[in-house]
Amino acid sequence: MNQDLLIRLFKSIEGDKNDDIVKVAQKIIEDENVKGHTKLAERLKGILFKNLSTHEIFNKELRTLLPNGAFIPTDKRNNIPLATSINHHDLRHEMILPDEIENKINRIEKEFSARERLASFGLKPKKKILLYGSPGCGKSMSAERIAWTIGLPFLKVRLDAIISSYLGESASNLKKLFDSLNGYPCVLLLDEFDYIAKTRGNMQDVGEMHRIVNILLNLLEDYNAPGILIATTNIEGTIDKAIFRRFDDIIEIPKPGKEEIVRLLKSTLSTIEIDTKVKLQIIAEKLENFSAALIVKVAQDAAKFSVIQGRKIVNQTDLTKAVEENRLYNSK
Ligand SMILES: Nc1ncnc2c1ncn2[C@@H]1O[C@H](COP(=O)(O)OP(=O)(O)OP(=O)(O)O)[C@@H](O)[C@H]1O
Ligand SMILES: [Mg+2]
């Protein structure tokens with residue numbers, strides 16, 4: 001059915017969880033989820049949830065279903081899913097990395113693809129990966145790219161939903177999520193997982209903090225799901241050494257070097273012509289120490305300057321102006 005019609009229909013539903021109409025509505029949400037229309041399913045769920053009275057039981061029934069009997073649980077109090085999925089075609093995957101890093105990521109992908117051959121020799125692919133490095137250099141994107149290349153579903157843990165101010169619930173949320181995904185082959189991203197450490201100060205109960213870290217240690221230790229777990233952080237120094245030890249591979253995603261900067265500029269500007277007089281090497285020198293995300297933004301800004309002025313070619317002035325404007329955003 002057409003999305004707008006579904007939304008209008010859902011807005012008119014009232015009643016309680018035992019009404020037939022509500023059960024049919026729940027079935028529609030599940031079907032949309034299975035079809036991969038996760039955004040629509042979330043929207044419908046929100047509308048239905050608002051219209052109903054008995055929230056708590058409803059939460060349990062509306063968890064997101066995945067194939068093979070797996071599901072994404074929600075937190076008990078706010079009905080927020082503990083992970084979100086990204087469709088295969090929305091995964092960012094066209095990355096520019098130094099050869100050394102490209103080879104390391106490529107090896108993870110190859111090992112996963114050869115997992116059965118490896119198993120026949122009693123060997124296992126790398127399954128628990130930690131990516132660290134400064135912001136905007138492709139940590140989260142690397143995780144998406146790995147899922148894209150090996151063709152596994154991609155799920156991102158929602159630490160904001162996991163961390164609860166209610167005693168004991170954060171640790172049990174984390175465990176609940178890992179348990180429910182135990183047999184589900186996917187790339188599971190624990191993005192910016194230092195968030196757990198950062199919330200330490202805000203926690204009313206310090207014991208709760210220890211419980212989460214301990215649960216995380218156990219979950220990492222025991223992780224043996226048929227997929228890959230990827231954690232990211234940009235604060236290498238403050239991560240508990242005990243956590244570091246539990247990963248099969250730890251990779252630093254560095255800021256782009258000169259060669260990568262030129263490739264990033266060229267690939268971002270691939271839809272527009274670059275003036276033959278442009279000296280990309282000189283622009284690249286000015287962009288040293290910029291994050292990849294900012295370099296992409298510089299190239300996009302330069303392209304926009306030229307298009308707005310009615311030109312179809314990016315020139316040196318466009319690029320220099322974009323570099324200067326974005327210098328402010330560059331973190332050291
Ligand atoms: N190596 C790369 N190759 C191509 N584009 C990149 C690369 N790294 C980053 N980008 C660009 O920067 C954007 C942000 O990247 P990403 O979200 O992966 O950064 P991050 O390292 O996870 O940053 P943060 O620490 O802030 O979460 C991407 O959407 C992409 O446009
Ligand atoms: Mg990130």
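The values are calculated or read from the model by the stated rules, or taken from the named source; none is laboratory data. These figures come from a predicted structure and were not determined experimentally. Methodologically, a virtual Cβ is constructed for each residue, glycine included, from the backbone with ideal geometry; neighbour enumeration extends over all protein chains shown.
Annotation: of all residues in region 129-177 being of a type in the set (Phe, Trp, Tyr) and within 16 Å of ligand 1 (Cβ to nearest atom), the one that is surrounded by the most Cβ atoms within 10 Å (Cβ to Cβ) is Phe154. Scanning region 1-45 for residues that are in a loop (DSSP other than H, G, I, E, B) and either assigned by TED's automatic domain parsing to the domain that holds Pro153 or more than 24 Å from the chain's Cα centre (by Cα) (or both) yields Met1, Asn2, Ser12, Ile13, Glu14, Asp16, Lys17, Asn18, Asp19. Per this entry, Ser120 is not counted among residues that are hydroxyl-bearing (Ser, Thr, Tyr) and in contact (Cβ under 8 Å) with a residue 24 or more places away in the chain. If I filter region 306-319 for residues that are assigned by TED's automatic domain parsing to the domain that holds Lys266 and in contact with a Pro (Cβ under 7 Å, 6 or more places away or on another chain), do I get at least one hit? Looking for residues that are assigned by TED's automatic domain parsing to the domain that holds Lys266 and in contact with a Pro (Cβ under 7 Å, 6 or more places away or on another chain), one finds none in region 306-319, hence no. In region 96-156, counting only helices (runs of 4 or more DSSP H) that sit wholly within it, the ones holding 3 or more residues that are within 14 Å of ligand 2 (Cβ to nearest atom) span 139-150. Here the helices (runs of 4 or more DSSP H) wholly within region 215-332 that include at least 1 residues being within 21 Å of the chain's Cα centre (by Cα) are 241-244, 292-308. Looking across region 185-214 at every residue that is at pLDDT 70 or above and part of a loop (DSSP other than H, G, I, E, B), the one that is farthest from ligand 2 (Cβ to nearest atom) is identified as Pro185.
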